[in-house]
Structure formats: structure tokens, C-alpha cells
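The values are calculated or read from the model by the stated rules, or taken from the named source; none is laboratory data. Not measured: the values here are computed from a predicted model. Here the Cβ positions follow ideal geometry from the backbone for every residue, glycine too, while neighbour counts run over all protein chains shown. Heads up: the accessible areas ignore ligands, DNA and RNA and are worked out on the full protein's heavy atoms, side chains in. Shrake-Rupley method; radii C 1.70, N 1.55, O 1.52, S 1.80 Å.
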Amino acid sequence: MADIQYDLIGDIHGHVLELRQLLEKLGYRETGESYIHPDKNRKPLFVGDYIDRGEESVEVLDLVMHMEQNGRARALMGNHEYNALCFHSTGSSGEPLRSHNDKHIKQHEETLSALDRHATSFSAYRDWLFSLPLFYEDDEFRAVHACWDDTRIAYLRDRMGGSRIKESLLEESAQRGSELYEAVEIVLKGREIDLPDGQFFYDKDGHIRYNMRIRWWENPVESTYNGLRVKPDCDCGDMPVPRDLLPDLWYYKPDQKPVFFGHYWLEGQPALFRENVCCLDYSVGKQGTLLQPTPGTASQS
């Protein structure tokens, strides 16, 4: 069977107009419920975060879901889809797996409003969201929402029996301190380390943070705090990171397959972090842009 050429597309966050414009720029044409490329061997690979932030989460869900279900796209799960599944699910205690506190409601409010406007419910998308893999790999490249961590990916493959999280495992995955929780957190939300004592910053939503997301493709032993930070949210100078703060000394090596991911709300001119490391999220949810994807090739599976 002919190889598939993928257009990798980052976090959309309820911005359907920008998504349609990007697909059309790449040569896709709308045909009713789906977009199709004239080259039948070309399709998008979405790396997650379809909802929240923007006002058109329902439209984005419908577009991506129909493309994926019609075999016109691949779609991965992002942390916002995972959070939504937990928000709309109850555990054995009868309480939501993701608490309905002010912070979590605010993060999800645009999607809740969109569902109300369209007189639909989250249950209409629940089964499809559970069908989304947390990661993708073939002979040529890898894709994940936030972090390709070899150890956690191997654990998830074994624990989940593949790349998808079963509904029966959702409660365990939401239990802080469990091995499954840690693996899902890292793969969908990235790796973090604590800041030096007394240092903090405010994130894009105004929440105070005492830890920072790190570049999991950099050797932590050879890096400082500033060398490991993904974004310049905080400035710790050239202070080395104490070894006891490093969760382990693993990092994504330069000789590994190219890996594509989203999640990090980058700004400025899109550029590769390294020849085999590409972030696709350039903050369309905060007046940024959808990065024009970089094609990859992989065999149809």
C-alpha cells in the first residue's frame, strides 16, 4: 500500500476558522462533513487540544471527528480532551474525577458554553474521545501531545494494551500518585521541575507557578534552569539544576526518530528546537497562529 504523507497540525483550541483556512492553504477541499486532499495518500495528523480557549470547540470537534472517522485524518488526545473526560466522569466515590472548582470550570467554560449553544452534550463526543490514542509511532516519526518519554510510553503500551486509555482505567489515571497518573501526566502535559526556593511566576492564565516545564530533549546534566525552560516565563540565570530535583536523567536523544508535539504555547517565528524535535503549538488560542505543518511520511497501518 502506498505511503501516507501526513500534515502535522498543532493545538486548535476551538478556532475552527483558522483550522479551515490552514487546511485549504494545504490543498484540502471541503466535501460535506469532511475535508479531502486531491492526493488520496495525504491526510492531517492532529496532535490534540481541540477544545477550550476559543468559542468554536463544537465545530472543531465535529470537523476533526468526521475527518478521523472517515479515514481522512489521524487524531491524538491532548491534555484538554483528557481533562474534559475526567471533568465529565465520576469515580467510585460519586465525585467528578476532575473537580468542578473555579479554576477547572474557567479552563473548560468556553467548551461548556459551546455545548449549550449547540444544544448538545459532552456525551455526544465521549466515545470518540476515548478512541483517541495518546501517541503515534511508525517507521519514520513519532507524534504525541506534550512529551515522548520512552519509559512512560513503554509503560502505557503495556498497562493500556496499546495507545488508547480505556474507560475502565480513567479513574486510576486520575489518582495522583499512581504510576498510571504519572505516565499520563508526563505524556499529555510534559515534564516539570521545581524552581529554586522563593522563585515563582504567573502562567498565561494568571496562576502562580512554583515549577516550570522543561525541555525533555535536552541533557539535564549539562543544562541550567534557563537552559531547560521551554519558555522564558521565569529567569533563574545560569544556576545548575540540583541533581535531586531531576526526576531521572533521561532525555530525547539527537539520534532518535523525529518527534512532533504541541502543548507549549510558543510565540514568535516557528522553528525547530532540533533537527528531530518539532513543536507545533504557536498559541492560536492566545492571538497566535496555527503553525503550517511539516509533512512526514509513514506507511498506512
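Computed quantities for the displayed model
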{"quantity": "Two-site label geometry, Arg20 and Ser99: point separation in nm, points 7 Å out along Cα→Cβ", "calculated": "4.0 nm"}
{"quantity": "Solvent-accessible surface ranking, highest first, for Trp250, Trp265 at 1.4 angstrom", "calculated": "Trp250, Trp265"}
{"quantity": "Heavy-atom accessible area order for Lys231, Lys106, largest first, 1.4 Å probe", "calculated": "Lys106, Lys231"}
{"quantity": "Anisotropy class of region 26-173 from Cα gyration tensor, a/c 1.5 cut", "calculated": "oblate"}
{"quantity": "Placed amide H near Arg213: partners under 5 Å, 5+ positions off or other chain", "calculated": "Val230"}
{"quantity": "Pairs beyond 26 Å (Cα-Cα), from Lys43/Lys231; Lys43/Lys257; Lys25/Lys253", "calculated": "Lys43/Lys231; Lys25/Lys253"}
{"quantity": "Solvent-accessible area per residue, Å², over region 203-293 with all protein chains present [probe radius 1.4 Å]", "calculated": "50 Å²"}
{"quantity": "Relative packing of peptides 171-179, 232-240 - highest average C-beta neighbours within 10 Å first", "calculated": "171-179, 232-240"}
{"quantity": "Net charge of Cβ neighbours under 12 Å - reference Lys43; Lys, Arg +1; Asp, Glu -1", "calculated": "0"}
{"quantity": "Sparse-neighbour loop sites [chymotrypsin sites (Phe, Trp or Tyr not before Pro); region 194-240; at most 14 other C-beta within 10 Å; DSSP]", "calculated": "Phe200, Tyr210"}
{"quantity": "Per residue, in Å², the accessible surface of region 46-200 once ligands and nucleic acids are set aside, probe 1.4 Å", "calculated": "43 Å²"}
{"quantity": "Candidates Thr111, Thr151, Thr289, ranked by Gaussian network fluctuation over the chain, Cα under 10 Å, top entry", "calculated": "Thr151"}
{"quantity": "Extension gain from Glu179 to Asp158, taking 0.36 nm per residue of separation minus the Cα-Cα distance", "calculated": "6.3 nm"}
{"quantity": "Distance in nm between pseudo-label sites at Asp116 and Gln69 (7 Å out along the Cβ direction from Cα)", "calculated": "2.6 nm"}
{"quantity": "With every protein chain in place, region 1-134: carbon and sulfur % of accessible area (1.4 Å)", "calculated": "44 percent"}
{"quantity": "For the chain, convex hull of alpha carbons as volume per residue, Å³", "calculated": "141 Å³"}
